[in-house]
Amino acid sequence: MTAPLPAAEAAPPGALARFFAGDVWYSFKRSPVAIVSALLVLLCAVSAAFAPWLAPHNPFDLSTLNLSDARLPPAWLPEGNRTYLLGTDDQGRDLLSAIMYGARISLVVGVASVLLSMVIGVGLGLLAGFVGGKVDSLIMRICDVMLSFPSILVALMISGVGRSLFPHAPDALAFVVLVLAIALTGWVQYARTVRGSTLVERNKEYVQAARVIGVSGFRIMRRHVLPNVLGPVLVLATIQIASAIITEATLSFLGVGVPATSPSLGTLIRNGNDYLFSGEWWITAWPSLTLILITLSVNLLGDWLRDALNPRLR
């Protein structure tokens, strides 16, 4: 008799299957706060990304604006109009549509500035922690200098100087200056966090073994050290997105943020602030509530991610 054929080995699970079977997904399913926060962030992101298709009006199309519809209250109030669910601003723009378009600008600026801060901070932190010596001292002294100034003042100075040097710059350049202004004040946290993790990782056996077999320092940092220090970076990036959105809204509120032709949530709040004490509270209330909702949801999601990635807090 012939021997039975060995059973075929099962294929290894993919990355997605490993994620759904891992501790992070299990922790997410058991956290109502994380689920609600993720749903709110997803709702805001989808509404902002698909604003041209989901918004009931185009608030920036001047041909559709009617000044006779200016400062209309929300639809459920006696003088409201069902066409404008959340009311209108001083120019007759639908507030719901303006918030959806404004949230898109705030989210894009916040995410772009955090990505740029992460690239700069992670790169300098890896270099400082892995090389050490004078390079480490120089980078850390620069971090100390940056930390001695309030981040909002540094961003205000950079953005204000950029707007004054290029008063007639196109909107794209104004967005670039704003992203740079926020990113140059946010990379320090990434650099210090990654440096501390790299100082621990560089003395471990797998790094020493890679050095013994002749692997270059750059390859060790990129292929071995970097994946092991990304956990704290992801948590910090999640929390920093909320801070970047607040910073962008603050700069726009002060008039040195995004151009007036592309108002963000901060610009909408500033416009409504002029009518707050005259009874038109909805012009500034709804953008403010949207800003609070986005930042609170992102912060709560970041707190959950910090606990999920830290075994000591489980």
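The requirement of being at pLDDT 85 or above, touching a strand residue (DSSP E or B) at 6+ places or on another chain (Cβ under 8 Å) and in a helix (DSSP H, G or I) is fulfilled somewhere in the range 93-107, by at least one residue. Please go through the range 236-269 and pick out each residue that is surrounded by 19 or more Cβ atoms within 10 Å (Cβ to Cβ) and either among the hydroxyl-bearing types (Ser, Thr, Tyr) or touching a Phe, Trp or Tyr at 6+ places or on another chain (Cβ under 7 Å) (or both). 236, 238, 243, 247, 252, 258, 264, 266, 267, 269 - these are the residues of the range 236-269 that are surrounded by 19 or more Cβ atoms within 10 Å (Cβ to Cβ) and either among the hydroxyl-bearing types (Ser, Thr, Tyr) or touching a Phe, Trp or Tyr at 6+ places or on another chain (Cβ under 7 Å) (or both). Residues in the range 209-235 that are open to solvent by 30 Å² or more (accessible area, probe 1.4 Å), β-branched (Val, Ile, Thr) and part of a helix (DSSP H, G or I): 212 only. Count, please, the residues in the range 44-74 that happen to be surrounded by 13 or more Cβ atoms within 10 Å (Cβ to Cβ), closer than 22 Å to residue 285 by Cβ and not small (Gly, Ala, Ser). Number of matching residues: 11.
The set of residues in the range 248-265 being within 20 Å of residue 282 (Cα to Cα) and either in contact with a His (Cβ under 6 Å, 6 or more places away or on another chain) or part of a helix (DSSP H, G or I) (or both) consists of 249, 250, 252, 253, 265. Considering 300, 291, 305, 268, the condition of being under 20 Å from residue 193 (Cα atoms), part of a helix (DSSP H, G or I) and modelled with pLDDT of 85 or more is satisfied by 305 alone. Here is the figure for the range 150-164: residues that are out of contact with any helix residue (DSSP H, G or I) (no Cβ under 6 Å at 6 or more places or on another chain) and more than 14 Å from residue 247 (Cβ to Cβ) total 3.
The values are calculated or read from the model by the stated rules, or taken from the named source; none is laboratory data. Since we're looking at a predicted model, the values are computed, not measured. Positions of Cβ are generated from backbone atoms using ideal geometry, with glycine treated the same way; all protein chains shown enter the neighbour counts. Remember, those area values only see protein heavy atoms, side chains included, never the ligands or the DNA or RNA. Shrake-Rupley method; radii C 1.70, N 1.55, O 1.52, S 1.80 Å.
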